[in-house]
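Here is the structure we will look at.
The values are calculated or read from the model by the stated rules, or taken from the named source; none is laboratory data. On a predicted model such as this, the values are computed, not experimentally measured, just so you know. Counting neighbours? That spans all protein chains shown, and the Cβs are built from the backbone with ideal geometry, glycine included. With ligands, DNA and RNA removed, areas are computed over all heavy atoms of the protein, side chains included. Shrake-Rupley method; radii C 1.70, N 1.55, O 1.52, S 1.80 Å.
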Amino acid sequence: MSGILEGVNSRIQSRPDSPPSNRAVRSTVWLLVAVLLVAANLRGGITSLGALLDSLDGLSAGTRAFLTSLPVLCFAVVGATGMTLARRLGVHRGIGVALGLLVAGLLVRVIGDPWLLLAGTFVACAGIALANVLLPAVVKEGFPNRVGAVTGAYSAVMSLGAAIAAGVTVPIAHAAGSWRIGLGVWALLAALALLAWVPHLRDRGLRRDGA
């Protein structure tokens, strides 16, 4: 992490039209924090459901099988639209849309019947798929001198988030006496990432239109 932060100054100093400033340093550090928060959400919504799947009542075998296939489906179909979204909105706003979908999906899937569980999971996985495609572009633009280090950091955080969600979702559900709380608690982490990303929504970011 210290190597990444050292790269902040080199990034700012490399701009001929923008002398180093405390404000620029804070902006870049905040971007790094936001990127890591996004990364923490890129697998937890999936692994948390997998951990609780056998505890969900009222689901047929077909529904359970479909739930396990939804992430793969979303990564294949929705993820392919990520660059189209980036051309229209820019990657920063695209990730804002992805986080909004993630928060909404994580909430919807715990408020009703199996159909809402399916719909909410699809929406949440769609948000994950979009963010998964767009986040590397943000890293490339925001940390041009530390792409490898930042990518390694957010990959580690992503794996850690997946492991934590898989490991603590069932205990949370048992302690609360409800699987809905065990799954719904991860919407709080997604909402935190969205809140951290709000300052970057004004930046269209990297355009994929040849510019």
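How much length is gained if the chain between ARG64 and VAL29 is pulled fully straight, taking 0.36 nm per residue apart and subtracting their Cα-Cα distance, in nm to one decimal?
8.5 nm
Mind listing which chymotrypsin sites (Phe, Trp or Tyr not before Pro) in the range 119-211 are in a DSSP loop and have 16 or fewer other Cβ atoms within 10 Å?
When the chymotrypsin sites (Phe, Trp or Tyr not before Pro) of the range 119-211 are filtered for loop state and at most 16 Cβ neighbours within 10 Å, nothing remains.
Compute the FRET efficiency between LEU195 and ALA156 as 1/(1 + (r/R0)^6), taking r as their Cβ-Cβ distance and R0 = 25 Å, and round to the nearest 0.05.
0.65
Quick check of the Kirkwood formula: for the range 20-145, what is the inverse mean of 1/r over all pairs of different Cα atoms, in Å?
Taking the inverse mean of 1/r over all distinct Cα pairs, the range 20-145 comes out at 15.6 Å.
Go through the range 75-82 residue by residue and turn each phi into a ³J(HN,Hα) via Karplus (6.51, -1.76, 1.60, θ = phi - 60°); whole Hz please, and just put x for glycine and proline.
Along the range 75-82, the couplings run 5, 6, 8, 6, x, 5, 8, x Hz.
Gap in Å between the Cα centre of the range 77-126 and the Cα centre of the range 141-157?
Taking the Cα centre of each part, the range 141-157 and the range 77-126 sit 24 Å apart.
What list of ³J(HN,Hα) couplings, whole Hz, do you get for the range 84-93 from phi and the Karplus terms 6.51, -1.76, 1.60, once you set θ to phi - 60° and write x for glycine and proline?
Listing the rounded values in order: 5, 5, 5, 5, 7, 10, x, 5, 5, 5 Hz.
I'd like to check one number: the per residue accessible area of the chain, probe 1.4 Å, reported in Å² as a whole number.
47
Once phi is turned into ³J(HN,Hα) by the Karplus curve 6.51 cos²θ - 1.76 cosθ + 1.60 with θ = phi - 60°, what whole-Hz value does each residue of the range 162-176 show in order, with x for glycine and proline?
Once θ is set to phi - 60°, the couplings for the range 162-176 become 5, 5, 5, 4, 5, x, 10, 4, 5, x, 5, 4, 5, 5, 7 Hz.
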